[in-house]
Amino acid sequence: MNAFRCSDASVDRDESQIGSASRVRAYFLLECPGRWGQDILRDAQLPRGTRESLAAVARLGVKVLLIRRHGRRSQLSGVNVFAAYADPVEPWLETAVVDSFDEVARMDLSPLATGGSVGLTRTDARLACVCTHGRHDVCCAEQGRPIARTLERSHPDVTWEISHIGGDRFAGNLLLLPHGLYYGRVTADSATTVVSAYTQGRMELAHLRGRSSYPTAVQAAEWYLRNHLDDTALDSVVARSSRRDGDDWTVHLDRGRQGWQVSVRVRRVEAAQLTCRATRLNPAHAHDLVSLSQIA
């Protein structure tokens, strides 16, 4: 009998991944080629003071993630760190190479929670982060490592393996920063297409889960509008407002000087085992398009 895999089960039940990105704006990434464990803030191979400092900023709402190069290769000295803020209009990325994990423990990372700089160097670079966190969920390792291997060859400068980013059942999962774009069910074959589009200022829609700076219903509304218009330019569509009435969301988006209204209904789907480690069934949600129209 084959072992249960949550990503296979999600595909078998034809689960939509539109509007499934984790809700995050602030990210802090720390290079750690060593052991990550199941929970990075508890188990990672980091000094205690560093783990405590990261846990403190995580409590402020910053998504703390560990990264490493594929094959756990690292540079001769220093530790790469990145701070990203996935603002939907003006996302930004900062980076530095620090001497040690202890230096990270001494950083004041709290401004990042509200979109403030933490004093690193601003960069126009983009990151393609592949979840390979097998100790958290085996699907992430099985699906993610072939992707990381492929991107290591095609986009070596931007590619990192990353710890758990959410949505194990949509593995292989890919996070593109600083825009906070979550991609799911990416394969080794499609990964290069997704990342190439991003580095050229475009969004590949087929595997897009959503933009993490928006609520999930707004993520879905953006996807439906872009799909309708066949518009993949990174910064061409911006959500201006949203209104919720029970399970129904009305979202106003701008595309240049054009305004659009997209109505989305959030639908509860049948409970299922959503991760490989889950010990009980949990419900999930889908986002159905109700209407889409241009407004003055």
Going through the stretch 20-39 one residue at a time, which ones are surrounded by 21 or more Cβ atoms within 10 Å (Cβ to Cβ) and over 23 Å from Arg126 (Cβ atoms)? Trp36
Only one of Ser196, Ser154, Ser190 is in contact with a His (Cβ under 9 Å, 6 or more places away or on another chain), surrounded by fewer than 22 Cβ atoms within 10 Å (Cβ to Cβ) and over 29 Å from Asn2 (Cβ atoms); which? Ser196
Looking at (1) over 23 Å from Asp12 (Cα atoms); (2) surrounded by fewer than 18 Cβ atoms within 10 Å (Cβ to Cβ), find the lone condition where Tyr214 falls short. (2)
Qualifying strands (runs of 3 or more DSSP E) (wholly inside the stretch 230-296; at least 2 residues being under 14 Å from Pro215 (Cβ atoms), outside the structural domain of Gly172 (by TED's automatic domain parsing) and in contact (Cβ under 8 Å) with a residue 60 or more places away in the chain): 282-295
Among the residues of the stretch 30-59, how many are in a loop (DSSP other than H, G, I, E, B) and under 15 Å from Glu103 (Cα atoms)? 3
Kindly establish whether Ala44 is surrounded by 14 or more Cβ atoms within 10 Å (Cβ to Cβ) and at pLDDT below 95. yes
Of the residues Arg149, Arg122, Arg126, only one is more than 21 Å from Arg25 (Cα to Cα) and not assigned by TED's automatic domain parsing to the domain that holds Leu274; which? Arg149
Filter result (within 26 Å of Trp92 (Cβ to Cβ) and polar (S, T, N, Q)) within the stretch 11-56: Ser20, Ser22, Thr50, Ser53
With the requirement that a residue be surrounded by 13 or more Cβ atoms within 10 Å (Cβ to Cβ) and without any contact (Cβ under 8 Å) to a residue 24 or more places away in the chain, what does the stretch 104-122 give you? Pro111, Gly116
Whichever residue in the stretch 62-97 is touching a Lys or Arg at 6+ places or on another chain (Cβ under 8 Å) and assigned to a loop (DSSP other than H, G, I, E, B) and, among such residues, is nearest to Gly134 (Cα to Cα): Ser74
What strands (runs of 3 or more DSSP E) lie completely within the stretch 147-186 and have 1 or more residues being touching a Cys at 6+ places or on another chain (Cβ under 6 Å)? 159-162, 174-177
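The values are calculated or read from the model by the stated rules, or taken from the named source; none is laboratory data. Predicted model, so just to flag it, every value in this text is computed and none were measured. Please note: Cβ atoms are built from the backbone with ideal geometry, for glycine as well, and neighbour counts cover all protein chains shown.
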